[in-house]
Amino acid sequence: MKSPRTQNEAAEAFVSVLPYRLFEVRLLRKTVLSPHLCRLTFTGDDIDMMCTGAPDQRIKVFFPGADGKPPSLPLDDSWLGAYQAMPTGERPPRRTYTIRALRPGEMDIDFVLHGETGPASRWALHADPGARIQLAAPNRAYDGDTGGYEWRPPTGAKRVLIIADETALPAVTGILEDLAALDVRPLAEVYLEMPSTDDCVGLPDFPELNLEWLPRKPGDRHGAQMLSAAARAHVPSDPAPDRADALPDIDVDTDILWDRATTDRKDFYVWVAGEAHAVKEIRRILLKERGVDRKSANLMGYWRAGRVMD
Ligand SMILES: Cc1cc2nc3c(=O)[nH]c(=O)nc-3n(C[C@H](O)[C@H](O)[C@H](O)COP(=O)(O)OP(=O)(O)OC[C@H]3O[C@@H](n4cnc5c(N)ncnc54)[C@H](O)[C@@H]3O)c2cc1C
């Protein structure tokens, strides 16, 4: 009789063909990027089966629960069912992050360190090399577009507007690296609200880039700088024909604000991500007050001030 296989052996023998699959990874090293940003580099047996479709590729990260034990979801395609079948209180905490970089045998995630309040920030602060977590991430074996990203500017886009806070800095850095590598680049107007002046670091530069770092001042509420950027950013002077008077309201405390651009218009492309209440207000300013075409705008609530967003 064959001996029962360990979870790892079973996973090795298993080749998922779903768009996302589960990866078990261990922390290799931490690199401090700035007072509030830390890069965590991971490795794992099958990490080269991970892929990324765009610089804002999102993944789900599973952290240790209250007992401190690493997550142990099954490494085959039953992981999601197993997660959903767990009583809510027993599920490993799950948060959304961005693949900052993928190299042979390694991947990076840049964590905002916002203190001890959430399992993700807490883990990123205290984890030592060797610590294990699990990630649901795009599967290289999948024959198609795995999805899970919104940065899809039309080929030949002429102007892009990006407004973001620190949680979207990993995505924006990748976006600007991609733009810098183009032969013909769009004009890129970029506003980045950051926790402090010392966090305003690490972006590529190119002649068509107009970048404004917006460090928060003491007492500033999250998003205030992004709102004023939305009010003064250059937008097309011809208001969109369907001028969003009927913009559906959304309660960002209970629903996820996630508007996707759907147009191939090359003249103007918008990508906004950050604290959800601020993004909702930016949506109103850009679409209602300033007449930006709703179909050319990605508007994404990445997190909620004062609330958990699982
Ligand atoms: C598509 C997508 C991609 C993302 N990519 C990244 C990324 O690459 N790097 C990254 O750091 N974040 C990223 N985020 C944001 C991240 O998922 C949230 O910040 C998440 O809430 C952090 O989880 P937590 O366990 O630390 O805190 P939670 O348990 O979710 O929240 C606990 C408390 O902390 C507050 N809080 C959460 N995040 C912050 C913050 N950044 N600043 C201040 N207070 C906060 C909450 O309002 C709450 O009061 C991304 C989110 C999305 C949707």
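Throughout, read-outs are computed from the coordinates displayed, never taken from laboratory work. Being a predicted model, the structure only gives us computed values, none of them experimental. We place every Cβ from the backbone using ideal geometry, glycine too, and count neighbours over all the protein chains shown.
Of note:
- The string of couplings for region 32-44 from the Karplus curve (6.51, -1.76, 1.60, θ = phi - 60°) is 6, 9, 5, x, 10, 10, 9, 8, 10, 9, 10, 9, x Hz, one whole number per residue in order, with x for Gly and Pro.
- A full extension of the chain between ASP45 and ASP267 corresponds to an added length of 75.5 nm, given 0.36 nm per residue minus the alpha carbon distance.
- Size of electric dipole in region 159-303: Cβ of Lys, Arg +1 and of Asp, Glu -1, about Cα centre, debye, nearest 20: 400 debye
- Cβ-based charge dipole, the chain, positive-most Cα from THR173, ALA276, SER228: ALA276
- Shape category assigned to region 159-303 from the gyration tensor of Cα positions, a/c cut at 1.5: oblate
- The count of lysine pairs in the chain that are at least 8 places apart or cross chains, and whose C-alpha atoms lie under 19 Å apart, stands at 6.
- Note on the chain: the C-alpha convex hull projects to 17.8 nm² when averaged across all orientations.
- Think of it as helices only: each DSSP H run of n ≥ 4 in the chain is worth -39500 (n - 2.57), and spread over all residues that comes to -4500 deg cm²/dmol at 222 nm.
- Spin-label zone in region 129-155 - amide nitrogen under 17 Å from a point set 7 Å from the Cα of VAL15 along the C-beta vector: 139-144
- Ordered by the count of other Cβ atoms within 10 Å of each Cβ, fewest first, MET86, MET107 give MET86, MET107.
- Spin-label model distance (nm) - ALA82 vs ALA181, 7 Å beyond Cα toward Cβ: 3.5 nm
- Gain on full extension, evaluated as 0.36 nm per residue between GLU106 and LYS295 minus their Cα-Cα distance, stands at 64.4 nm.
- With the simple model of a label 7 Å out from the Cα in the direction of the Cβ, ASP205 to ASP255 spans 4.3 nm.
- Cα-projected label distance for GLU90 with ASP145, points at 7 Å along beta-carbon direction, nm: 3.9 nm
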